[in-house]
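Student: Sharing a structure here in structure tokens format.
The values are calculated or read from the model by the stated rules, or taken from the named source; none is laboratory data. Model, not experiment: these values are computed from the prediction. Here the Cβ is made from the backbone with ideal geometry for all residues, glycine too, and neighbour counts use every protein chain on show. With ligands, DNA and RNA removed, areas are computed over all heavy atoms of the protein, side chains included. Shrake-Rupley method; radii C 1.70, N 1.55, O 1.52, S 1.80 Å.
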Amino acid sequence: MAYLAQERGGAFCDILARCEVTRVLLLMLLQPTPQRIRPEHAQTLERYAWESHSEDSAPVNCLSEEVFLLLQSTVMACQSRDVSALKSLQKDLWPHLTAEQNHLLHLVIQEMEHPSGEGI
């Protein structure tokens, strides 16, 4: 897959990057428990929680270093439930995200502030 991303580059890499960002934001919004998370979804979040920008993953390779680090910080802020850090990161991520992705990030922050199980 990494070879395919390098071979095609351009639009293909842009699509992979857009899908990767959306996938991470959806996982943060859904907040699956360790018992219910699928292994591939756990691997996705682990890439951002523990590793640096690596060469072995095509979607991650398609992200700019800045976007990767911002996503990594966002995942870590979500895991530590740091709403103020998320709000700060939202400002930095805003120009790099699509309207749909910005909305997802807004929903993640809203869910952190007012968990759906508790009501608003």
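Student: How do 67-76, 12-21, 33-42, 94-103 rank on mean C-beta neighbours within 10 Å, highest first?
Tutor: Ranked from most to least packed, the peptides come out as 67-76, 12-21, 94-103, 33-42.
Student: As a test question: what accessible area, to the nearest 10 Å², does residue 116 have when a 1.4 Å probe is rolled over all protein chains in place?
Tutor: 90
Student: Also, I was wondering about something else. Rounded to the nearest percent, how much of the accessible area of the stretch 63-119 (1.4 Å probe, protein heavy atoms only) is carbon and sulfur?
Tutor: Values: 1640 of 3110 Å².
The nonpolar share, carbon plus sulfur, comes to 53 percent.
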